[in-house]
Amino acid sequence: MKPVRVVLGFPWYNGPDVDTFPLYHEHMYYYGRLKERSLGISRPADVSLLDHIDGDPRGELQLGEGPFDFFMAVETRMSLVGLARERLVDMALGVGADWLFCWDADMRFPLSTFLRLWRHQKPVVGALAFTSREPIAPCLYKMHKAWDSVNQIDKWGSETVWDFPDDKLVSDEDIGGELAFGAGVVLYNMNVFRQIPKPWFQSTGCGEDWFFCHRASRYGIPRYVDTSFTIQHKKLDPQWVDKNTYWKARAERIEEYEKLMRREGMAVL
């Protein structure tokens, strides 16, 4: 059986963040062992891939999965993260990859993440992350048309999905509109980039990840977000922000968040 070719793409400034460097090494070791295990050339069947790391059974191969072949691509992003993401896609296309698994340097997430996202078999699926700035908010948005009163033209805007469906694979239908999300940890099927002409990512005021979601929507490609993860995003303090941090902030600052939600006009799901 032909291996599934997966490029691990890193749009990083100067390598992993100092606080995610140990995790980076754990991930590289894990993917190496996952490749060997899936090809049947290493590791007896009674030895778990994750016993020595985090023990999450969802990161172990299941019957019929794989084989996998992993490649690594790193792009120094300078100040234009959109350009870095575009170059990673070009690299993945160049090696004939089937999937591109990207994550940002300031993210921490379980080793089981790749397999859990891959099992969905969706064109584009991300793990829900949260903003590193205050007020802490989900990086999950509903896109909508808006009116530019200054230039007298139609434009596209978005609203934060403050009350997202938890522990679920979320789609357009779940938020009542066209879904967009932050690209901190995302798995892309490479056919997406063969269907959408360039540019795929463009650094704009809304963000290159929002730009991609808008382009994908225009070309009929569904986007999904898995809200079952506890993905951590580094703040400058340093402090790590995740789903638990967000719900705690919501509980402690009820009036502040109610004002934010009213300002965006977002109905509670």
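The values are calculated or read from the model by the stated rules, or taken from the named source; none is laboratory data. Here the structure is a predicted model, which is why all the values come from computation and not from measurement. Glycine also receives a Cβ, built like all others from the backbone with ideal geometry; neighbour counts cover every protein chain displayed. Surface areas here come from the heavy atoms of the whole protein model, side chains and all, with no ligands, DNA or RNA. Shrake-Rupley method; radii C 1.70, N 1.55, O 1.52, S 1.80 Å.
For W12, the amide hydrogen comes within under 5 Å of the amide hydrogens of E75, R77, counting only partners 5 or more places away or on other chains and with H modelled in the peptide plane. Between Q195, C213, I231, whose Cα lies farthest towards the positive end of the dipole of segment 187-232 when Lys and Arg beta carbons carry +1 and Asp and Glu beta carbons carry -1, centred on the Cα centre? The residue sitting farthest along the positive end of the dipole is Q195.
Cross-link partners of K2 among lysines, defined as those whose alpha carbon lies under 19 angstrom from its own and excluding same-chain residues fewer than eight positions apart: K35. Phi-derived couplings, Karplus 6.51 cos²θ - 1.76 cosθ + 1.60 at θ = phi - 60°, listed residue by residue for segment 244-249: 5, 4, 5, 5, 5, 4 Hz, with x used for Gly and Pro. Each residue of segment 188-201 was assigned a 3J(HN,Hα) from its phi angle through the Karplus curve 6.51 cos²θ - 1.76 cosθ + 1.60 (θ = phi - 60°); the sequence is 10, 7, 5, 5, 4, 7, 7, 8, 9, x, 4, x, 8, 10 Hz, with glycine and proline shown as x. Ligands, DNA and RNA left out, the accessible area of segment 158-269 computed with a 1.4 Å probe is 48% carbon and sulfur. Maximal additional length on extending the M261-R194 stretch stands at 20.4 nm, based on 0.36 nm per residue less the C-alpha distance. Here the 3J(HN,Hα) profile of segment 25-39, calculated from phi with Karplus coefficients 6.51, -1.76 and 1.60 at θ = phi - 60°, is 5, 4, 4, 5, 5, 4, 5, x, 5, 4, 4, 4, 4, 5, 7 Hz, Gly and Pro shown as x.
Under a 5 Å amide H cut-off, with hydrogens placed 1.01 Å from N, F68 pairs with V4, S38, L39 among residues at least 5 apart or on other chains. Per-atom-type breakdown for segment 96-144 gives carbon and sulfur 50% of the accessible area (1.4 Å probe, protein chains only). By the rule of a C-alpha distance below 28 Å, with chain neighbours fewer than 8 residues away ignored, the lysines paired with K259 are K142, K145, K155, K168, K234, K235, K243, K248. Rounded to the nearest 0.05, the FRET efficiency derived from the C-beta distance between E173 and Q239 at R0 = 41 Å is 0.75. Calculated accessible area for segment 194-260 comes out at 51 Å² per residue, all protein chains present (probe 1.4 Å; ligands, DNA, RNA ignored).
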